[in-house]
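**Q** So that we are looking at the same thing, I have put the structure below in structure tokens.
What follows draws every value from the coordinates through simple rules; no lab data is involved. Remember, predicted model here, so these are calculated numbers, not experimental data. With ideal geometry, Cβ positions are generated from the backbone for all residues, glycine too; neighbour counts draw on all protein chains shown.
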Amino acid sequence: MTDQALADLTRRLPELRLLTDAGDLEHYGRDWTRRWTPAPLAIALPASVEDVQGIVRWANEYKVAVVPSGGRTGLSGGAVAAHGELVLSLERMNRVLGFDAVDRTLTVQPGIALEAVHGAAREHGLIYPVDFAARGSCSIGGNIATNAGGIRVIRYGNTREWIAGLKVVAGNGELLDLNRGLIKNSSGYDLRQLMIGSEGTLGIVVEATLRLTDPPPPSQVMLLALPDMDALMQVFALFRRKLSLQAFEFFTDVALKHVLAHGAQRAIDGEHPYYVVTEFDAPDERAHEAALAAFEQGVKQGLINDGVMAQSDAQAAALWRLREGITESLAPHKPYKNDISVRVSAVPAFLHEIQALLTREYPHIEVVWFGHIGDGNLHINVLKPVSLSDADFITQCEHVTKLLAQTLQGHGGSISAEHGIGLVKRSYLESTRSLQEIALMRGVKQVFDPNGLLNPGKMFP
Ligand code: MLT
Ligand code: ZN
């Protein structure tokens with residue numbers, strides 16, 4: 001039956017590339033999480049919208065589950081295919097389709113890498129401002145599916161702010177053309193926004209029209225060493241008062257240790273428990289002076305131990321590498337990832353509560369803190385000790401995540417700030433969304449995907 005179904009698929013869609021080799025199944029069946037063993041039925045690589053529609057219609061006839069797949073850099077298992085699903089990889093659909101100078105929009109296919117979008121925008125003297133470390137490998141379709149955030153959210157917001165239009169193939173194979181690039185459109189429910197962050201459970205993005213904007217003024221990058229956790233948000237408040245911030249990111253000495261071991265260069269001597277990388281507009285001498293004044297005030301108030309201001313683009317990149325290299329440097333330690341958020345005003349109290357919780361629950365386990373603290377998003381990566389089996393480690397982490405989720409609930413926070421729920425966080429969805437909300441979400445899923453074939457098992461508890 002399976003062979004016959006696949007043969008029928010290729011007969012219907014002659015342009016389709018279909019892969020069934022063991023190596024391909026393994027490669028396309030996983031994302032950056034390494035917890036599940038990939039076991040897809042096959043990998044379909046469509047070249048057109050019609051192919052995607054044809055695949056979804058075929059899947060409905062044969063009742064085959066479909067996992068939409070982009071750059072597979074996801075950290076929550078959203079693109080994992082471990083149960084005989086058809087992986088629908090959008091990597092062949094990776095072109096820029098058009099630029100409109102008046103609308104200042106770029107229309108792209110979903111498989112294009114974020115970095116290529118950045119490059120295409122720059123060719124027109126504009127920027128697409130969503131940015132993060134996986135820019136070279138992640139795809140815009142995946143960014144849309146998870147409403148990706150990244151390092152410049154305090155200036156530009158999440159992916160959701162930058163999507164002017166979407167073409168989506170829904171669960172019945174129909175093509176939806178949502179919002180068509182309009183800036184103003186008060187004609188009822190905004191289905192485009194519903195698709196953003198839906199993790200491939202409602203539809204498959206086959207085309208996106210992205211808003212572009214002017215490049216920011218010249219900027220400066222600074223690395224700061226801080227004496228304690230309380231200083232983090234105080235320095236944020238101080239710098240935000242004096243400067244126009246583009247990014248404000250933090251990491252701990254433990255994160256620094258890993259990133260240095262992975263080849264990054266130390267930029268500040270001595271031992272300091274917390275570090276901040278910040279980037280701010282610095283178009284003129286006044287902005288430089290304001291930055292120095294903020295720095296000196298921080299030092300005087302005992303909030304900053306030391307700091308370094310990048311003197312060249314190369315040094316700025318080296319400072320950013322200390323923050324952006326963390327994920328890669330931790331990968332060999334099989335980290336259990338937490339991607340949580342609270343309101344910015346709740347961060348100081350929340351930090352203390354979870355520090356107490358994590359110190360108590362992980363007495364002999366290395367916990368690495370870093371993230372986008374300026375927008376309330378913390379990444380807490382727990383590293384697997386060699387002495388623990390994978391299964392025991394996950395059991396322990398899941399127990400602690402339950403406690404963490406309760407603490408988050410107390411602060412009205414979210415169990416997934418920017419990575420998505422996927423498989424990793426679905427048992428904790430109820431800590432962030434009410435039962436009524438989840439029931440409505442299930443109802444929405446039913447409307448868009450009546451046979452439940454799009455990324456089944458993801459997101460819902
Ligand atoms: C990052 O901001 O570097 C990633 O989203 C976090 C992670 O790898 O946990
Ligand atoms: Zn992040």
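**Q** What does the charge dipole of segment 96-211 about its Cα centre add up to, to the nearest 20 debye, if the Cβ of each Lys and Arg holds +1 and the Cβ of each Asp and Glu holds -1?
**A** Magnitude of the dipole: close to 300 debye.
**Q** Relative to the Cα centre, what is the charge dipole magnitude of the chain, using +1 at the beta carbon of each Lys and Arg, -1 at the beta carbon of each Asp and Glu, and rounding to the nearest 20 debye?
**A** 700
**Q** Also, quick follow-up: What's the angle, to the nearest 10 degrees (0 to 90), between helix 313-324's Cα axis and the longest principal axis of the chain?
**A** 70
**Q** I would also like to ask the following. Report the convex hull volume per residue for segment 110-220, counting only C-alpha atoms, in Å³. Walk me through the intermediate numbers first.
**A** On the way: hull volume 12.3 nm³, N = 111.
With only Cα atoms used, segment 110-220 gives 111 Å³ per residue.
**Q** Amide H to amide H under 5 Å from ALA148: which residues, 5+ apart in sequence or cross-chain, H placed 1.01 Å off N in plane?
**A** Distant-sequence amide H within range of ALA148: THR159.
**Q** Taking the chain as the reference, fit the longest principal axis to its C-alpha atoms, fit the long axis of helix 390-410 to the helix C-alpha atoms, and give the angle between the two in degrees, 0 to 90, nearest 10.
**A** 70
**Q** Normalised by the residues of segment 334-443, what does the relative contact order come to in percent, with Cα pairs under 8 Å and at least six apart?
**A** Taking the mean separation of contacting Cα pairs over the length of segment 334-443, I get 33 percent.
**Q** Now for a different question. Taking amide H positions as placed in the peptide plane 1.01 Å from N, state which residues far from SER244 in sequence (5 or more) or on other chains have amide H under 5 Å from it.
**A** Amide H neighbours of SER244, under 5 Å, 5+ apart: ASP281.
**Q** Let me ask another. Using only the Cα atoms of segment 2-92, what are the Rg and Dmax in Å?
**A** 12.3, 35
**Q** If amide H atoms are built 1.01 Å from N in the plane of the peptide, which residues on other chains or at least 5 residues away come under 5 Å of the amide H of ARG72?
**A** SER139
**Q** Which is the longest run of the chain containing none of the GluC sites (Glu not before Pro) found in DSSP loop states (not H, G, I, E, B) with at most 15 other C-beta atoms within 10 Å?
**A** No qualifying site falls inside 272-461, the longest such stretch.
**Q** Could you give me the radius of gyration and the Dmax of segment 110-163, taking only the C-alpha atoms into account and expressing both in angstrom?
**A** 10.2, 27
**Q** I've got another one for you. When only C-alpha pairs under 8 Å and at least 6 residues apart count, what is the relative contact order of the chain, in percent?
**A** It rounds to 16 percent for the chain.
**Q** What dipole magnitude, in Debye to the nearest 20, does segment 334-443 give about its Cα centre under +1 on Lys/Arg Cβ and -1 on Asp/Glu Cβ?
**A** 160
**Q** Please sort by residue number the chymotrypsin sites (Phe, Trp or Tyr not before Pro) in segment 159-265 whose DSSP state is loop and whose Cβ has at most 12 other Cβ atoms within 10 Å. Can you show the working numbers first?
**A** Values: sites: TRP162, TYR189, PHE236, PHE239, PHE248, PHE250, PHE251; in loops: TYR189.
When the chymotrypsin sites (Phe, Trp or Tyr not before Pro) of segment 159-265 are filtered for loop state and at most 12 Cβ neighbours within 10 Å, TYR189 remain.
**Q** Another question about this same structure. For the chain, take the longest principal axis of its alpha carbons; what is the angle in degrees between that and the long axis of helix 114-123, to the nearest 10 within 0 to 90?
**A** Taking Cα atoms only, the helix is inclined about 80 degrees.
**Q** In a Debye calculation with equal point scatterers on the alpha-carbon sites of segment 358-402 and no solvent, what is log10 I(q)/I(0) at q = 0.21 Å⁻¹?
**A** The calculated log intensity ratios at q = 0.21 Å⁻¹ are -0.74.
**Q** Under Stokes-Einstein, with the Kirkwood radius over Cα pairs standing in for Rh, what whole-number D in µm²/s applies to the chain at 25 °C and 0.890 mPa s?
**A** Here the translational diffusion coefficient equals 106 µm²/s.
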